[in-house]
Structures are given as C-alpha cells and as structure tokens.
Amino acid sequence: AQSVTQPDIHITVSEGASLELRCNYSYGATPYLFWYVQSPGQGLQLLLKYFSGDTLVQGIKGFEAEFKRSQSSFNLRKPSVHWSDAAEYFCAVGARGATNKLIFGTGTLLAVQP
Amino acid sequence: DVKVTQSSRYLVKRTGEKVFLECVQDMDHENMFWYRQDPGLGLRLIYFSYDVKMKEKGDIPEGYSVSREKKERFSLILESASTNQTSMYLCASSPTGFNQPQHFGDGTRLSIL
C-alpha cells in the first residue's frame, strides 16, 4: 500500500538558515510526488511536484526538492529561510488513476526564529 | 487561477444536527475531494467524486455522505453531527489525467457542541 512518512513533526530554524524537510514514501512504481504548504488559517498551496525526468525540481517561493529513488525520499529544501515561511508542510504521493487521489503525510510544522 | 470556495470559514453546530458543507470550484474540474484535517493525523480523505452524480468512499466515510448534482459543486453532509466530527474540513478539485495536482479551498473549521 502507498504511504508517506514525514518523520519530523516540528522543526525550528533561524531566519536566514537553510532548511530541509524530510519525506519518505512507499510505492511500488515510480511515484507522483508533491509538496504542499499550509499557512495558518489557509488551505493547502502547491509548492512543487515530481513526475519524471530531472530528479531535482524547483518550486515556488525558492523551494526545491530532490527525488532519490534508492532512498525512497523526496526531501524539501530551501537555502535561506524567511520568517514568512513559517507554516505547515505536507508531502503527498499520488495514486495512479484518473481520479488523482493523494496520500498525505502527517505534516511538519515549521517555526522560524528571528 | 483556480478558485475553490468553501461556503463557511467557521461553523458551530449542535450534536444530532444535519450539517451541510458546500464547495464550489470555477475551473470545470472533473474531480472533487473532501478531506478532514486533524492535528498529528494530516489530511484524511472522506469522499471523492470524479463526475457529476458519481462518488467513491475515501478512507473515513463513516458518518458522512456527499452530493454532486452539478459539476462545480460538491457538498459534504454530516447526517447526524457528533462531537468527534469537530475538525477542519478541506475541499479540493483537480482535472482528470495523470500528474494533475489538487487545488484546495481555505477550509471550514467545524465545531460540534
């Protein structure tokens, strides 16, 4: 069965520091992978997605993620965090099929210290 | 830009009431989804619909039903609300086809007293 694990429930970084949020997936074939961000009181916004090709994908707001098949990982990175990046981040894997169902991880809550 | 609109941001209802949560999307998407979001549990799929009048159960359908009479509107119904249905509810839509991301509304925070 497909599943997504985000091992870090809560992370605190200083503004200007680099960031890496971990995501591991379980899937029997090449997965469709997504990162979403949820600001307080808002819905989820798509940051980036991976389907095939280049394993390093660029997203909005200066985020990138790297797909590593050997590690079943799709970690999200940002070289320099801004205070406005404080939010909850969700990794998701797409189920194959026309309905585009997603399996979400439990999320990582990011706090940014001044 | 895709716009997914949920009718209420906050809703307070009483145990036993029948509750309707409404969601409208403006991009002619075939697929629509209802999730509930609880701390530490992430998003869990309640129901989804891949066409008008078509629906499928998600992972936690018990106590819920849905209605999709028009392509742009997908309603979630709590038949008899209970306190354990207090949660954040998120609606999403996506077009048909591989690789299509879901687009989310801002959510409805529902409290059942």
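The values are calculated or read from the model by the stated rules, or taken from the named source; none is laboratory data. This structure is a prediction, so every number in the text was calculated from the model and none was measured. For neighbour counting, all protein chains shown are included, and Cβ atoms are generated from backbone atoms with ideal geometry for every residue, glycine included. Areas reflect the complete protein model, heavy atoms only, side chains present, ligands, DNA and RNA absent. Shrake-Rupley method; radii C 1.70, N 1.55, O 1.52, S 1.80 Å.
The table that follows gives values for the structure above.
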{"item": "Carbon + sulfur, % of accessible area of chain A - ligands and nucleic acids excluded, 1.4 Å", "result": "50"}
{"item": "Value of relative contact order over the range A:9-50, rounded to a whole percent, pairs C-alpha under 8 Å and six or more apart", "result": "28"}
{"item": "Cleavage-rule hits, trypsin sites (Lys or Arg not before Pro), the range B:4-33, DSSP coil, Cβ neighbours within 10 Å at most 12", "result": "B:Arg9, B:Arg14, B:Lys18"}
{"item": "Chymotrypsin sites (Phe, Trp or Tyr not before Pro) within the range B:1-103: DSSP coil, no more than 15 neighbouring Cβ in 10 Å", "result": "B:Phe98"}
{"item": "Surface per residue (accessible, 1.4 Å probe) for chain A, Å²", "result": "45"}
{"item": "Accessible surface of chain B, 1.4 Å probe, proportion on carbon and sulfur as whole %", "result": "49"}
{"item": "Buried accessible area, chains B and A (both chains, 1.4 Å probe, Å² to nearest 100)", "result": "1900"}
{"item": "Positive-end residue of B:Asn84, B:Tyr50, B:Ser94, charge dipole of chain B with Cβ unit charges", "result": "B:Asn84"}
{"item": "Threshold 40 Å² - residues in the range B:86-113 whose accessible area is reduced by that much or more when the chain is no longer isolated, probe 1.4 Å", "result": "B:Phe98, B:Asn99, B:Pro101, B:Gln102, B:Phe104, B:Asp106"}
{"item": "Per DSSP, loop chymotrypsin sites (Phe, Trp or Tyr not before Pro) in the range A:22-114 with at most 14 further Cβ within 10 Å", "result": "A:Phe51"}
{"item": "Selection from A:Ala1, A:Gln45, A:Gly16 lying farthest towards where the dipole of the range A:1-79 points positive, charges on Cβ", "result": "A:Ala1"}
{"item": "Size of charge dipole - chain B - debye, nearest 20, with Cβ of Lys, Arg +1 and Asp, Glu -1, no other charges", "result": "300"}
{"item": "Per residue accessible area in Å² of chain B, where ligands, DNA and RNA are left out and the probe is 1.4 Å", "result": "49"}
{"item": "Length-normalised contact order for chain A - Cα pairs under 8 Å, 6+ apart - percent", "result": "37"}
{"item": "Drop in accessible area of at least 20 Å² in the complex versus isolated chain, residues of the range A:73-114, 1.4 Å probe", "result": "A:Phe90, A:Gly97, A:Ala98, A:Thr99, A:Asn100, A:Lys101, A:Leu102, A:Phe104, A:Thr106"}
